[in-house]
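A quick write-up on the structure given underneath.
The values are calculated or read from the model by the stated rules, or taken from the named source; none is laboratory data. Quick caveat, the model's predicted, so the values are computed rather than measured. Cβ placement follows ideal geometry from the backbone for every residue including glycine, while neighbour counts extend to all protein chains displayed.
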Amino acid sequence: MNLKQFVAAAVLASVGTLAQAALITNGFTFAVASGSNTAIGTHFHSNTGGAFGNPAGKAEVGRYFTEGVRGLSEYSLTGLTNSASAYVTFNTYKAGGLFAGSNDFPFTGTIKVDVYQGNNTEDISDYQAPSLGNVFTFSTAGLAVGDILSFDITSYFNAAVTAGWSSLGIRLIADPLNDRGAWTFDSFRLTNSNDCRPGNPACGGQVSEPESLALLGVAMLSAIVALRRRRQA
């Protein structure tokens, strides 16, 4: 196999790996809001029952008048084993909150990705459940609807499985809490790869290994083409 064939095979293999990013498990998603005391949750803004007529399974994060709103997802660990890599992955559903005319516009600030011990139940108290660690904090500046975010939670996932937890919880918190506006996320799942895409500002420059291989293959192919052109000149 010559160098050109090798590079072509590497590119095809890396693209194939990208398409086969494995799902560990899906989560169920909800949003809890506080009253005027933003440290304590008091009611749902989204849940599997469609609270307030809002779409189910949405993680709203930010502000609703005097209320703080946090997005949450929980993952059953039943039957799961330790993983070499585990990422919490989710989609940007809306640049705004769930209430038209009230908070249906975005804010520019930071959102903290938090871990807590879940119980496979939507509980209002999950809003203030004790944090077991901050996975990542990302900026909403430049974030767009459809962006996919992935954050490495391997150590937390494996520790939870080893400890025999029934559920792992992920919580999104606007930190510091913004004055107005919100963001909404959905399609929460645990994956074994970093699905952030290059150029997504919230990813902090992260590039998953399959993407790195694909980019390397493209770079090598570009170098071969450039070298051939110089030889022909």
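For the reader, a short list of remarks on this structure follows.
- One residue from VAL15, VAL32, VAL11 being touching a Gly at 6+ places or on another chain (Cβ under 6 Å) and either at pLDDT below 95 or more than 30 Å from ASP104 (Cβ to Cβ) (or both): VAL11
Each row is one residue, and each column tells you yes or no for (1) out of contact with any strand residue (DSSP E or B) (no Cβ under 9 Å at 6 or more places or on another chain); (2) surrounded by 12 or more Cβ atoms within 10 Å (Cβ to Cβ); (3) within 19 Å of ASP195 (Cβ to Cβ); (4) at pLDDT 95 or above.
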residue: GLN20; (1), (2), (3), (4): yes, no, yes, no
residue: ILE24; (1), (2), (3), (4): no, yes, yes, yes
residue: ILE40; (1), (2), (3), (4): no, yes, no, yes
residue: HIS45; (1), (2), (3), (4): no, yes, no, yes
residue: GLY50; (1), (2), (3), (4): yes, yes, no, no
residue: ARG63; (1), (2), (3), (4): no, yes, no, yes
residue: ARG70; (1), (2), (3), (4): no, yes, no, yes
residue: LEU77; (1), (2), (3), (4): no, yes, no, yes
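- Cβ-Cβ under 7 Å pairs, at least 6 apart or on other chains, region 95-110 side farther than 15 Å from PHE185 by Cβ, far side of a type in the set (Ser, Thr, Tyr) and buried (at least 16 other Cβ atoms within 10 Å of the Cβ): PHE99/TYR64; SER102/TYR64; THR108/THR140
- Any pair with Cβ under 6 angstrom, 6 or more apart, that starts in region 69-81 at a residue that is in contact (Cβ under 8 Å) with a residue 60 or more places away in the chain and ends at one that is among the acidic types (Asp, Glu): VAL69/GLU60; GLY71/GLU60; LEU72/ASP126
- Some residue of region 149-158 being assigned by TED's automatic domain parsing to the domain that holds TYR87, among the acidic types (Asp, Glu) and crowded, with 17+ Cβ neighbours inside 10 Å: no
- Residue match in region 167-185 (condition: buried (at least 20 other Cβ atoms within 10 Å of the Cβ) and at positive phi): yes
- Of the residues in region 129-148, at least one is charged (D, E, K, R) and modelled with pLDDT under 95.
- Among the residues of region 40-83, just one is assigned to a strand (DSSP E or B), within 18 Å of the chain's Cα centre (by Cα) and basic (Lys, Arg), namely ARG70.
- The test for being among the basic types (Lys, Arg) and either out of contact with any strand residue (DSSP E or B) (no Cβ under 8 Å at 6 or more places or on another chain) or at pLDDT 95 or above (or both) holds for ARG189.
- Within region 163-184, residues that are under 15 Å from GLY109 (Cβ atoms) reach partners that are assigned to a loop (DSSP other than H, G, I, E, B) and of a type in the set (Asp, Glu) with beta carbons closer than 9 Å, at six or more positions or on different chains, in the pairs GLY181/ASP104; ALA182/ASP104.
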